[in-house]
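Step one of this worksheet: look at the structure below.
The values are calculated or read from the model by the stated rules, or taken from the named source; none is laboratory data. Since the structure is predicted, the reported quantities are computational estimates derived from the model, not experimental observations. Don't worry about glycine lacking a Cβ; one is built from the backbone with ideal geometry, like all the others, and counts go over all protein chains shown.
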Amino acid sequence: MPEKELQRYFGFSTFKQGQKDVISKILDGNSAAAIFPTGAGKSICYQLPALLLPEMTLVVSPLLSLMKDQLDFLTAHQIPAARLDSTLDREQTNRIFEQAKTGELKILMISVERFKNERFRYHLQNMRISLLVIDEAHCISEWGHNFRPEYLKLPHYQKEFNIPQTLLLTATATPPVIDDMCEKLDIARENVVITGFYRENLFLKITPTVEADKKNILLKRIQRAPDAPTIVYVTLQKTAETIAAFLCNNHMNAHAYHAGMQNNERESIQNRFMDGSVACIVATIAFGMGIDKNNIRRIIHYDLPKSIENYSQEIGRSGRDGELALCQVLANRDGINVLENFIYGDTPDKKSIRQLIQTIKQNEGFIWEFKLSRLSNEINIRALPLKTLLVYLSMEGIIRPKTTYFDEYEFKFLKEPETIIKNFSEERKQFVFTVFSFCQTKKIWTSVDVDGILNNYATDRKRIITALEYFNEKGWIELQTRQAVEVYDILTQAFDIDAVTEKMHTLFSQKESHGIKRIHQMVDFFESRSCISRQLAEYFGETLEKEHCGHCSFCKNEKIILEKTARLRPLSDLNFNELTGEFIQAVDQHAGAANLTKFLCGIYTPMFAKLKVKAMPNFGALEQYPFPDVKKWVSINLS
């Protein structure tokens, strides 16, 4: 019985709601999905089956923090588990590969990008896997709140590596997103377990707040219980720094956290929050996913969340111990334009889209190879929208992802090359001799000329990589890889460039409209004259029996009207030349309306990195203004 195993491995006497149902479906040989609120115990749904299934369980997580907390929990319960990430050294990585291939590991955690790693794929072919677990599975749906193009390839990877079962885990999926996830991974609707989203221990408070008063209102709230574990969510990295400094200057134990920090710094801050040495984290949404701290007493949104799904996910991190917790939004309409500008920034210019499509059309042959970062810089489309565009073109039947390989292999000899060659005889000895003959050593590191080997020996790339991996495993060399190259099949070049460009731009425009709609849907949700808890449950397809929860602003008869509280000067009163002169001089021929608007609204593009635009004093000067209004004003001044 699963209860006995639950007690034996984890020390829990009973399952939480929904857990046993999901586990039973997995142990019966079905693929399944667990749609549980944050903190409701999704992890056990894969952790227990992983111990009972014959082979290893492979877990895909979108963030390092998700893996770290779950791995710490598993290690504490003496369960053989590991994670693969860039923080590991060669020996650690090799040991994990060996444990995975011999069956010593029961759980291996990776990011979705790891599937594209040529070295990982080599080792994965020799691993026996019973179950693929996709954490934050809503990322696979384009209509989810955190769509990741790489996730769309997971069904392909499952088939490629013959993984028999899949388990989807998420806390925030609306009915349409659930349908989308299940369709993509061929999961029967009867194998989807939804436990509900209502949390009776959370007080949902919406506080209409004048922008100028937010700092002091926040400070007074923190001062009521200075040591209570608290997360304050903000939109921008600079706001995280400013508000954390303000709280510290007022003797509060607070720290900023955002994606602009180094990985080791973020991990240190997270650990200090987990052990209680930091009481308050002021963070962008980079913080919180997978954080398993059950006594968070306050989630305060200093800025508006990005969507209802984000709001639900973020407040779900509080009160996991079942005790009362406050979820407060300091709300006004001032930050709406900043949220919208992020969405507008993810819509590529039509000119850039056309440039990519023309590249495909004019490619010689039907194999297209490129480095993502270089292509991103060349056509001035950020990495995430570029990946989305490649997905759209795949869905259009123009291209198809083939593989990813590394352009540069280099290694450090740990044994003399002659000693390594002596381990082989006949044809293999000649092959290894040829490999080393086309390697060039500079001081310590030796670079591999893969093309030179292929041109001078009757072999293929796979054998060369396999040999290098083997030498690495034996401890004869220390292998490193650089410069990932994406390889796509071009399925057709018989298309009209202008027509495809228009269609792709339309898809991005629809995605943009959907994102803008979600922001206003959230504002309407906060202002609605009905129970907030009930509305939230209904949004995710759950119907509450009672009409009033009794623990939200509406049920406490608090009037909620969100207003615009900061006064902005009319754009017509601003000096265009003063705001844009330095930028126009720096970018020269690239100073079109689109790039100027992104510069003024603080939206980063690949071209800006090269020109160090972010350091210019007027970068983001108009971030509080609506993007379409700024674009119109810029166009008028350029004409």
TODO: Please list, ordered by first then second residue, the pairs with beta carbon atoms under 7 Å, 6 or more apart or interchain, first in the range 443-458 and free of Cβ contacts under 8 Å to residues at least 12 places away in the same chain, second surrounded by 15 or more Cβ atoms within 10 Å (Cβ to Cβ).
DONE: Asp449/Phe438; Asp449/Cys439
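Residues in the range 458-473: is at least one farther than 23 Å from Arg121 by Cα, surrounded by fewer than 16 Cβ atoms within 10 Å (Cβ to Cβ) and not assigned by TED's automatic domain parsing to the domain that holds Gln99?
We begin by selecting, within the range 458-473, every residue farther than 23 Å from Arg121 by Cα; these are 458.
Filter once more, so that each one left must be surrounded by fewer than 16 Cβ atoms within 10 Å (Cβ to Cβ): 458.
With not assigned by TED's automatic domain parsing to the domain that holds Gln99 added as a condition, the list becomes 458.
Yes: one or more hits.
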TODO: Quick one: count up the residues across the range 393-409 that are under 18 Å from Ser509 (Cα atoms) and surrounded by 21 or more Cβ atoms within 10 Å (Cβ to Cβ).
DONE: 1
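Residues checked against (1) farther than 18 Å from Leu131 by Cβ; (2) touching a residue at least 40 places away in the same chain (Cβ under 8 Å); (3) not assigned by TED's automatic domain parsing to the domain that holds Gln165:
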| site | (1), (2), (3) |
| --- | --- |
| Gln17 | yes, yes, no |
| Gly41 | no, no, no |
| Gln47 | no, yes, no |
| Ala50 | no, yes, no |
| Lys68 | yes, yes, no |
| Glu98 | yes, yes, no |
Open item on the list: As an exercise: evaluate Val485 against (1) in contact (Cβ under 8 Å) with a residue 60 or more places away in the chain; (2) in contact with a helix residue (DSSP H, G or I) (Cβ under 6 Å, 6 or more places away or on another chain); (3) under 30 Å from Arg95 (Cβ atoms) and give the number of the one condition it does not meet.
Closed with: (2)
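Conditions (1) at pLDDT 90 or above; (2) assigned to a loop (DSSP other than H, G, I, E, B), marked per residue:
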residue	(1), (2)
Thr14	no, yes
Lys20	yes, no
Ala33	yes, no
Lys42	no, yes
Thr57	yes, no
Asp72	no, no
Ile79	no, yes
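Return the only residue of Asp489, Asp524 being closer than 24 Å to Pro37 by Cβ and surrounded by fewer than 19 Cβ atoms within 10 Å (Cβ to Cβ). Lay out the reasoning, then the answer.
Values: Asp489 fails: closer than 24 Å to Pro37 by Cβ.
When all the criteria are applied, what remains is Asp524.
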Open item on the list: I'd like to verify a number: residues in the range 243-297 that are part of a helix (DSSP H, G or I), of a type in the set (Phe, Trp, Tyr) and either closer than 25 Å to Leu204 by Cβ or at pLDDT below 85 (or both), how many?
Closed with: 1
- [ ] Quick one: in the range 100-148, of everything that is hydroxyl-bearing (Ser, Thr, Tyr) and more than 19 Å from the chain's Cα centre (by Cα), which residue is surrounded by the most Cβ atoms within 10 Å (Cβ to Cβ)?
- [x] Ser130
Open item on the list: With the condition being surrounded by fewer than 17 Cβ atoms within 10 Å (Cβ to Cβ), at pLDDT 85 or above and touching a helix residue (DSSP H, G or I) at 6+ places or on another chain (Cβ under 9 Å), I'd like the helices (runs of 4 or more DSSP H) fully within the range 562-633 carrying at least 1 qualifying residues.
Closed with: 576-587
Task: Test: Ser513 is closer than 30 Å to Lys306 by Cα and assigned to a loop (DSSP other than H, G, I, E, B) - done: no
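Output the residues belonging to the range 191-239 that are assigned to a strand (DSSP E or B) and farther than 24 Å from Phe554 by Cα.
Looking only at the range 191-239, we keep the residues that are assigned to a strand (DSSP E or B), and these are 192-194, 202-208, 230-233.
Those that are assigned to a strand (DSSP E or B) and farther than 24 Å from Phe554 by Cα: Val192, Val193, Ile194.
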